[in-house]
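The values are calculated or read from the model by the stated rules, or taken from the named source; none is laboratory data. Everything numeric in this text was worked out from a predicted model, so none of it was measured. Here the Cβ positions follow ideal geometry from the backbone for every residue, glycine too, while neighbour counts run over all protein chains shown. These area figures cover heavy atoms from the full protein model, side chains too; ligands, DNA and RNA do not enter into them. Shrake-Rupley method; radii C 1.70, N 1.55, O 1.52, S 1.80 Å.
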Amino acid sequence: AGIRAARYVSPHLVDLRERFVIGNEPVDAAALESAAQDVLDCADRLRAAGDLPVHPTFFEATTAIAFELFRRARVAVAVIEVGLGGRFDSTNVVPASAGAITTIGFDHQELLGDTLEAIAYEKAGIIKPGMPVVIGALPGQARPVVAAVANDRHATLIDAAANATVECQMHDGRGTVSIETPDAHYGPVILGLRGEHQVQNALVAVRLLEAAKHTVAIPLPRDAIERGLVDVNWPGRLELIRMPDGAQVLLDAAHNGEGAQALAAYLERWHPERPALVIGMMRDKHVSDIVDSLLPAVSSIIATAGDTPRALAARELAVRIAARGASNVRAEPDPAMAVEHALATSRSVCVTGSIFLIGAVRDRLRRRAILR
């Protein structure tokens with residue numbers, strides 16, 4: 001809409017600058033270095049003065065850096081993604097004008113709780129007094145918890161699907177949608193992101209933008225919102241890369257049970273050939289939650305590991321996958337080699353399980369795809 005806007009997201013795939021976007025581009029390296037230096041110097045001074053009892057975590061530091069970058073760039077609007085949970089997340093210090101909770105599922109239970117109600121309470125922590133908050137299709141146990149928090153804080157709860165209609169036809173994994181809300185009619189437009197679950201995400205995004213428009217008078221014309229739905233780019237989320245020889249690689253950063261279910265549904269509908277699967281996971285993830293959904297949709301599995309101490313070793317992951325009933329599974333510790341081995345045996349490959357894994361293979365695949 002021509003508004004100077006920024007976004008802060010996490011984690012990044014390859015380059016730290018991906019977390020800090022102003023306009024359509026990540027911040028430049030010099031701006032990031034300057035802001036980071038000032039934020040870290042400030043933290044050191046506060047520690048030395050005894051005003052800060054512990055050194056900031058990496059995420060706390062990057063969140064402060066994001067806010068400083070956006071302040072220096074004089075952005076009018078910032079979209080801030082919560083890192084983990086909500087109530088105690090570093091991003092929650094921001095006085096948001098509007099918010100959204102797309103859905104709630106099991107993830108990070110060791111920090112957020114073992115029930116959907118407990119996790120919902122943590123997520124609902126982002127709700128500020130009087131703030132409009134849009135909710136997507138929440139599980140039955142989660143919705144009353146979010147509604148109670150909104151009621152306590154006199155916040156306006158907006159069910160994205162309430163008083164709205166969505167018509168959708170899927171073609172080649174993408175939805176062609178028409179959305180009607182009490183405000184306007186949008187579409188038909190072809191969503192930039194693949195997967196049926198993105199239809200509901202698009203509805204949440206539309207209702208959030210409408211709420212922001214009403215709350216702080218942001219000028220967002222209908223055609224600008226439509227362009228956003230079409231032009232949105234989210235690397236590593238059902239991203240299809242076509243190789244020069246006609247093979248194809250689908251990259252998806254599914255790293256929990258709900259993400260794996262969405263990926264499995266996509267594969268079953270749009271990839272009936274059952275692609276080879278290259279998978280890497282973090283140690284704190286539940287292998288069964290992810291693998292059980294994906295096994296029926298793939299033909300073979302290569303377990304690997306992203307370059308991080310948090311990664312589950314490839315051999316250990318292969319053993320755990322085999323224990324879930326997979327007969328055609330092998331281990332290859334190097335992610336790039338794992339993808340090459342998969343492409344040597346299949347014209348269709350899916351890479352998933354970890355954002356770190358997607359980051360390790362994406363740039364190399366994209367460079368190869370350009371040389372068609």
Please list 247-258, 136-147 highest first by mean number of surrounding beta-carbon atoms within 10 Å per residue. 247-258, 136-147
Of every hundred units of 1.4 Å-probe accessible area on the chain, the number belonging to carbon and sulfur atoms, as a percent, is 53 percent
Sequence-distant residues sharing a close amide H with Leu277 (under 5 Å, placed H): Ser299, Ser300, Ile301, Ile302, Cys350
What does DSSP give for the stretch 1-153 in terms of the percent of beta bridges that are antiparallel, rounded to the nearest 5? 40 percent
Tell me, what HN-Hα J-couplings in whole Hz come from the Karplus equation 6.51 cos²θ - 1.76 cosθ + 1.60 at θ = phi - 60° for each residue of the stretch 274-291, using x for Gly and Pro? 6, x, 6, 10, 10, 9, x, 9, 7, 4, 8, 9, 8, 4, 4, 4, 8, 5
Specify the angular offset, from 0 to 90 degrees and rounded to the nearest 10, of the alpha carbon long axis of helix 222-231 from the longest principal axis of the alpha carbons in the chain. 30 degrees
Strictly greater than 18 Å: what percent of every Cα pair in the stretch 265-372 meets that? 44 percent
With everything on Cα atoms, drop me the angle between helix 58-73 and the longest principal axis of the chain, reported from 0 to 90° to the nearest 10. 60 degrees
On a 0 to 90 degree scale, rounded to 10, what angle separates helix 314-323 from the longest Cα axis of the chain? 80 degrees
Mind giving me the nanometre distance, one decimal, between the label points for Val94 and Ala369, set 7 Å out from Cα along Cα→Cβ? 2.8 nm
Compute the separation of the alpha-carbon centres of the stretch 161-221 and the stretch 104-139 and state it in Å as a whole number. 22 Å
Efficiency by 1/(1 + (r/R0)^6): what FRET value for Thr103 and Arg222, r their Cβ-Cβ distance, R0 = 25 Å, to the nearest 0.05? 0.45
So, for the stretch 1-104, what is the accessible surface per residue at a probe of 1.4 Å, expressed in square angstrom? 56 Å²
Mind checking the per residue accessible area of the stretch 141-229 for me, 1.4 Å probe, whole number of Å²? 50 Å²
Here the Kirkwood hydrodynamic radius of the stretch 1-141, Cα-based and in Å, equals 16.6 Å
Could you give the length gained on full extension between Ala49 and Asp292, defined as 0.36 nm per residue of separation minus the Cα-Cα distance, in nm? 82.3 nm
